[in-house]
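Below is one structure; the comments refer to it alone.
The values are calculated or read from the model by the stated rules, or taken from the named source; none is laboratory data. Computed from a predicted model, the values in this text were never measured in an experiment. Counting neighbours? That spans all protein chains shown, and the Cβs are built from the backbone with ideal geometry, glycine included. Remember, those area values only see protein heavy atoms, side chains included, never the ligands or the DNA or RNA. Shrake-Rupley method; radii C 1.70, N 1.55, O 1.52, S 1.80 Å.
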Amino acid sequence: MQRKSKLAALLFVFSLLSSPALFAQVTDTTTQEVPDLFNSRNPQEYTVAEVVVTGNKRYDNSLVISIAGINVGDKILIPGGDAFSKAIQNIWKQNLFANIRIYITKVVGNRIYIELAVTERPGLNNYIFKGIKKSESDELKEKTGMVKGRPITENMKRTAEENIRKYYKEKGFQNVTIDIDETPVAGMNNANDVVITIDKGRKVKVNQVAIYGNDNASDLKIKKQMKGTKEMTRITLYPVIDSSTFGVNDRPDVNQYLNNKGYLSLSKTKEFLDPWFRFKLFSSAKFNEQKYREDKEKVVTFYNSLGFRDASIEKDSIYNGGNGNLNIDIKVNEGHKYYFGNITWKGNTKYSDSLLNYLLGIKKGDVYNLETLEKKLGKQMSPEGGDISGLYMDDGYLFFSVDPVETAVYNDTIDFEIMMREGPQATIKNVRISGNDKTKEYVIRREIRTVPGEKFSRADLIRSNREIANLGYFNQENIGIVPIPNQDDGTVDINYTVEEKSSDQLELSAGWGGGIGLTGTLGVSFNNFSVKNIFNKKSWDPLPTGDGQKLSLRVQSNGRAFRSYNFSFTEPWLGGKKRNPFTISFFNTKFSNAFDYTTYTYSRARSDSSYLKNTGVTVALGKQLKWPDDYFSLTTAVNYTQYKLKNYQVFGFGGQSNLTSHNINLKLTLQRYSLDQPTFPRSGSNFMLSGQFTPPYSLINKSLEKSADPYKLVEYHKWRFNGEWYVPIGKAMGADKNRQFVLKFAAKYGFMGRYNSKMPFSPFERFQVGDAGLTNNFGVLGYDIIAHRGYPVYESSDPKVNPDQQSAQQFFTIFNKYTMELRFPFSTNPSSTIYGLTFFEAANGWYDFKEYNPFRLRRSAGVGMRFFLPMFGLLGFDYGIGFDRMTPNGRLRDAARFTFMLGFEPE
């Protein structure tokens with residue numbers, strides 16, 4: 001009787017559970033009343049007197065009881081209640097236990113004593129991959145979703161298997177087999193290792209893609225849309241034969257001819273090539289199911305752009321193509337080709353239909369393309385603007401909306417009505433800035449174009465983003481601008497978020513230079529300095545920062561032969577109300593003939609008796625212009641430099657080795673700067689035109705024409721033009737959409753003239769062309785150092801003169817330089833921006849306009865890398881080949897030259 005009662009109780013509980021692995025067992029060792037509980041015809045309410053948990057070692061017992069939902073004092077109806085089944089289900093959902101039982105251990109009157117008996121799941125000690133490479137194992141560890149220490153569940157193993165299978169499918173392995181086993185860990189209580197054995201199988205490739213039904217688009221054009229599903233490349237080699245050997249009907253004899261001749265007879269004829277001999281070379285073309293689905297959508301989109309708006313993939317099939325590869329057949333239904341008909345506007349009060357039609361740029365009879373229509377309307381937001389939405393949003397219409405509606409379809413023509421809702425003009429209410437932990441808020445606020453109380457403008461948001469990026473204090477990839485419209489009052493709040501990055505730079509280096517020996521350099525640049533907090537001890541962390549000022553200090557020396565001091569300070573907003581940058585700088589450099597060739601030592605006495613020295617100071621004030629647009633700025637600089645030679649022979653000074661020259665000049669610079677960011681520009685341009693003028697002393701005082709010291713008062717006029725353009729190429733790549741090819745074009749010109757033809761050209765302020773753009777002792781004379789990768793410094797204007805066979809002893813008064821670079825970023829992280837480049841460069845220099853020829857240039861090409869580290873600035877390497885250095889019997893590597901740059905991009 002007791003045994004049957006127990007069985008009845010078990011069956012009752014089984015009927016309440018969804019999982020066959022769970023059950024409740026009712027037992028009692030003290031009273032015969034227990035077996036009759038679940039067989040009673042009259043349900044009775046019992047009070048829970050005690051709840052105990054057994055078998056649990058890893059978790060708190062009170063937690064298990066709480067999850068079960070059965071507590072002391074609860075009322076339970078037996079039979080007929082569902083408290084036990086719910087308790088088991090609640091515990092099972094936690095995935096903590098492999099088995100759960102509920103025992104009634106004692107019944108005293110209407111009080112019952114309950115035991116929750118659980119069996120814990122083993123915990124994950126480690127998971128081990130077998131059958132794959134270590135590199136793949138390392139990647140998969142982050143993708144399985146398995147976490148050490150957690151209980152091992154079937155769901156955990158199933159999720160891991162799905163993630164592994166997905167990982168290999170993306171790599172083209174479609175037939176992966178995965179076995180997941182558990183092995184107990186010796187010496188550990190209830191802990192298992194999970195062993196995952198993987199057999200990737202062969203990579204499944206696309207053998208060929210066949211297109212059917214395409215009457216208006218070639219197979220090639222359709223396949224170009226399927227960038228994620230590429231068929232294996234075939235290279236077919238055809239033997240070329242002499243057509244005069246055979247007549248048109250002699251094809252059966254060709255095979256014998258080829259065998260006899262060994263495919264050696266050649267001609268330009270292709271009459272017999274197709275059917276007779278081919279050799280195939282296969283390359284990888286992995287199959288990815290997800291990308292294949294996306295590619296089919298791209299094919300339809302491509303047809304839509306051609307006017308076939310009803311185009312569809314009618315049928316496609318994937319089948320065995322042999323050798324474990326796949327063949328794909330795609331049948332397209334092109335449908336009819338459509339054209340734009342009449343386009344009418346509705347709801348526009350701000351702008352006329354004629355203006356909107358002009359901006360739309362679509363005329364009746366143009367091929368139908370919905371994507372083009374939506375782009376012109378601004379449904380697809382573009383930072384370049386030029387669309388209808390941009391026109392309205394730049395004038396404050398933030399709540400503007402536009403929808404194209406087909407009003408008629410007849411024959412092959414579609415009429416559209418453009419439904420517009422202009423809404424009110426939005427006014428900027430609040431502008432909030434966050435994330436600037438170091439930079440003062442006013443430094444950011446003075447750069448942005450969105451001011452509370454003014455009309456909203458999308459163009460101002462784009463410009464504000466560019467201005468913040470060009471400060472150089474923040475991660476330009478993570479600048480956030482979020483407009484929050486308030487339609488109730490017609491206003492908009494704009495929230496800016498920035499991420500600070502290190503902008504200061506430290507230069508600490510040592511190098512060996514011929515003639516002056518070991519040279520050490522120490523330089524610091526503080527690009528976000530704060531002068532007003534210098535005497536505030538609390539702001540020194542480690543230096544006073546946050547006001548956007550720039551302070552630079554640099555010292556170079558080797559003790560006797562060379563030393564250089566440089567100091568500069570810039571306040572970008574003099575007065576605080578307008579962008580009027582003010583700069584003051586000081587420099588002092590000395591080269592000495594300190595090496596004594598009689599003793600082969602450096603002599604302090606010689607360093608004081610034979611040297612070339614300059615000392616100078618510059619004061620500059622800039623002004624942002626409003627016309628032609630506010631990308632323009634005008635800078636005025638006044639400079640005084642003293643050059644001093646003492647027993648130091650330098651070319652161009654008429655044999656003089658002792659003189660003191662004074663250079664007082666005024667420099668005017670007109671610049672238009674619209675680059676999107678300074679570190680790795682993707683778009684925009686930078687144009688600079690400058691003129692540098694000394695007083696025309698010889699025109700004022702004619703006696704200087706016959707002076708024995710014509711260089712005491714330096715006179716010249718010097719002109720420079722630099723132009724740079726950056727153009728993004730193709731679509732952005734990578735998860736962050738920041739990796740994109742960028743094409744850079746640059747053109748640079750320089751000319752130094754004289755006021756009086758009877759006076760010699762100034763030996764100062766000339767142009768040194770060639771090498772890496774690094775300065776030398778001639779830089780002390782104020783030369784502009786113009787880099788030319790692939791060439792040493794040269795002095796001849798004739799490209800036929802190999803600069804390797806000469807030593808430059810004089811420098812140019814005119815130069816031209818053209819550069820084209822294709823750049824690609826490997827990392828846009830602000831802590832380490834890295835990009836590679838290929839370049840083509842052409843440059844040359846001349847001494848007067850009589851020999852000037854802008855097409856007579858020295859050419860070079862090569863590759864390079866750039867590393868931008870915030871603490872050290874730019875680090876660059878280039879390997880260039882100078883085409884005009886190549887000799888008829890020389891090797892290519894003899895015309896190659898490796899160049900290095902540190903701290904700045906040379907001109």
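Assess whether residue 731 counts as being open to solvent by 50 Å² or more (accessible area, probe 1.4 Å) and over 30 Å from residue 866 (Cα atoms).
It is false that residue 731 is open to solvent by 50 Å² or more (accessible area, probe 1.4 Å) and over 30 Å from residue 866 (Cα atoms).
Between a first residue in the stretch 126-150 that is more than 16 Å from residue 168 (Cβ to Cβ) and in contact (Cβ under 8 Å) with a residue 12 or more places away in the chain and a second residue that is aromatic (Phe, Trp, Tyr) and in a strand (DSSP E or B), which pairs have beta carbons less than 6 Å apart while being 6 or more apart in sequence or on different chains?
Hits for this filter: 146/127.
Considering only the stretch 657-680, state which residues are open to solvent by less than 60 Å² (accessible area, probe 1.4 Å), of a type in the set (Ser, Thr, Tyr) and farther than 16 Å from residue 719 by Cα.
657, 660, 661, 674, 679
Taking residue 807 as the residue in question, decide whether it is at pLDDT below 95, within 30 Å of residue 476 (Cα to Cα) and surrounded by fewer than 18 Cβ atoms within 10 Å (Cβ to Cβ).
Details: at pLDDT below 95: yes; within 30 Å of residue 476 (Cα to Cα): no; surrounded by fewer than 18 Cβ atoms within 10 Å (Cβ to Cβ): yes.
Taking the combined requirement at face value, the residue does not satisfy it.
Please find, within the stretch 161-191, the residue that is farthest from residue 92 (Cα to Cα) out of those that are part of a helix (DSSP H, G or I), open to solvent by less than 70 Å² (accessible area, probe 1.4 Å) and out of contact with any strand residue (DSSP E or B) (no Cβ under 7 Å at 6 or more places or on another chain).
168
Can you find a residue that is buried (at least 19 other Cβ atoms within 10 Å of the Cβ), in contact with a helix residue (DSSP H, G or I) (Cβ under 9 Å, 6 or more places away or on another chain), of a type in the set (Val, Ile, Thr) and assigned to a strand (DSSP E or B) anywhere in the stretch 93-103?
yes
Test residue 613 against the stated conditions and say whether it is in contact with a Leu (Cβ under 9 Å, 6 or more places away or on another chain), in contact (Cβ under 8 Å) with a residue 24 or more places away in the chain and open to solvent by 40 Å² or more (accessible area, probe 1.4 Å).
yes
Could you tell me how many of the residues in the stretch 125-135 are at pLDDT 90 or above and either crowded, with 20+ Cβ neighbours inside 10 Å or aromatic (Phe, Trp, Tyr) (or both)?
1
Quick one: in the stretch 144-160, which of the residues that are in a helix (DSSP H, G or I) and within 15 Å of residue 128 (Cα to Cα) is nearest to the chain's Cα centre (by Cα)? Before you say what the answer is, go through the steps one by one.
So in the stretch 144-160, the residues in a helix (DSSP H, G or I) come out as 154-160.
Right, trim to within 15 Å of residue 128 (Cα to Cα) and you get 156-157, 160.
Values: 156: 36, 157: 36, 160: 32 Å.
Taking the candidates together, the pick is 160.
From the residues in the stretch 494-535 that are open to solvent by less than 70 Å² (accessible area, probe 1.4 Å) and among the charged types (D, E, K, R), which one is modelled with the lowest pLDDT?
That would be 507.
Are there any pairs with C-beta distances below 7 angstrom linking a residue in the stretch 96-115 that is within 19 Å of residue 62 (Cβ to Cβ) to a residue that is surrounded by fewer than 17 Cβ atoms within 10 Å (Cβ to Cβ) and of a type in the set (D, E, K, R), with the two at least 6 apart or on different chains, and if so which?
113/50; 114/50
Residues in the stretch 471-493 that are touching a Phe, Trp or Tyr at 6+ places or on another chain (Cβ under 8 Å) and buried (at least 18 other Cβ atoms within 10 Å of the Cβ): how many?
Qualifying residue count for the region: 2.
Does any residue of the stretch 719-734 turn out to be modelled with pLDDT under 90, charged (D, E, K, R) and touching a Lys or Arg at 6+ places or on another chain (Cβ under 6 Å)?
no
Taking only pairs six or more apart or across chains, which ones have beta-carbon atoms under 8 Å, a first residue in the stretch 840-862 that is assigned to a loop (DSSP other than H, G, I, E, B), and a second residue that is of a type in the set (A, V, I, L, M) and surrounded by 16 or more Cβ atoms within 10 Å (Cβ to Cβ)?
847/814; 848/814; 849/814; 852/814; 857/842; 857/843
Could you run through the stretch 552-568 and say how many residues are open to solvent by 30 Å² or more (accessible area, probe 1.4 Å) and either out of contact with any Lys or Arg (no Cβ under 7 Å at 6 or more places or on another chain) or within 19 Å of residue 438 (Cα to Cα) (or both)?
Here is the first cut: in the stretch 552-568, the ones open to solvent by 30 Å² or more (accessible area, probe 1.4 Å) are 552-560, 563, 565-568.
Now drop any that are not either out of contact with any Lys or Arg (no Cβ under 7 Å at 6 or more places or on another chain) or within 19 Å of residue 438 (Cα to Cα) (or both), which leaves 552-555, 558-559, 565, 567-568.
Looking only at that region, the number is 9.
Considering only the stretch 393-468, give the strands (runs of 3 or more DSSP E) lying wholly within it that have at least 1 residues that are crowded, with 20+ Cβ neighbours inside 10 Å and within 32 Å of the chain's Cα centre (by Cα).
In the stretch 393-468, 427-434 are the strands (runs of 3 or more DSSP E) which contain 1 or more residues that are crowded, with 20+ Cβ neighbours inside 10 Å and within 32 Å of the chain's Cα centre (by Cα).
Provide a single number: the residues in the stretch 881-896 that are surrounded by fewer than 19 Cβ atoms within 10 Å (Cβ to Cβ) and of a type in the set (A, V, I, L, M).
Residues in the stretch 881-896 being surrounded by fewer than 19 Cβ atoms within 10 Å (Cβ to Cβ) and of a type in the set (A, V, I, L, M): 3 in total.
Report whether or not residue 878 is open to solvent by less than 20 Å² (accessible area, probe 1.4 Å), acidic (Asp, Glu) and more than 17 Å from residue 796 (Cβ to Cβ).
Answer is yes for this residue.
Which of the residues spanning the stretch 61-88 are part of a helix (DSSP H, G or I), of a type in the set (S, T, N, Q) and either open to solvent by less than 60 Å² (accessible area, probe 1.4 Å) or farther than 25 Å from residue 153 by Cα (or both)?
If the condition is that a residue be part of a helix (DSSP H, G or I), of a type in the set (S, T, N, Q) and either open to solvent by less than 60 Å² (accessible area, probe 1.4 Å) or farther than 25 Å from residue 153 by Cα (or both), then 85 is the only one that fits.
Look at the stretch 841-859 and say how many of its residues are among the aromatic types (Phe, Trp, Tyr) and loosely packed, with under 15 Cβ neighbours inside 10 Å.
Selection size over the stretch 841-859: 2.
Scan the stretch 863-873 residue by residue and report those that are open to solvent by 20 Å² or more (accessible area, probe 1.4 Å) and assigned to a strand (DSSP E or B).
Passing the criteria: 863, 865, 867, 868, 869.
Let me spell it out: the conditions are (1) open to solvent by less than 60 Å² (accessible area, probe 1.4 Å); (2) modelled with pLDDT of 85 or more; (3) out of contact with any Asp or Glu (no Cβ under 8 Å at 6 or more places or on another chain), and residue 111 meets all of them except one. Which number is the exception?
Every condition holds for residue 111 apart from (1).
If you go through the stretch 860-903 one residue at a time, how many are within 21 Å of the chain's Cα centre (by Cα) and not basic (Lys, Arg)?
Step one: list which residues in the stretch 860-903 are within 21 Å of the chain's Cα centre (by Cα), which gives 863-877.
When the remaining residues are screened for being not basic (Lys, Arg), the result is 863-865, 867-877.
Residues flagged as within 21 Å of the chain's Cα centre (by Cα) and not basic (Lys, Arg) within the stretch 860-903 amount to 14.
Tally the residues that are in a strand (DSSP E or B) and exposed (fewer than 14 other Cβ atoms within 10 Å of the Cβ), restricting the search to the stretch 192-225.
Residues meeting the conditions: 3.
Of these, 421, 466, which one is of a type outside the set (A, V, I, L, M, F, W, C) and more than 29 Å from residue 677 (Cβ to Cβ)? So that I can check it myself, show each step before the final result.
Numbers: 466 fails: more than 29 Å from residue 677 (Cβ to Cβ).
After applying the criteria, what remains is 421.
Working carefully through the options 193, 215, 138, find the one that is at pLDDT 90 or above, more than 30 Å from residue 337 (Cβ to Cβ) and not polar (S, T, N, Q).
When all the criteria are applied, what remains is 193.
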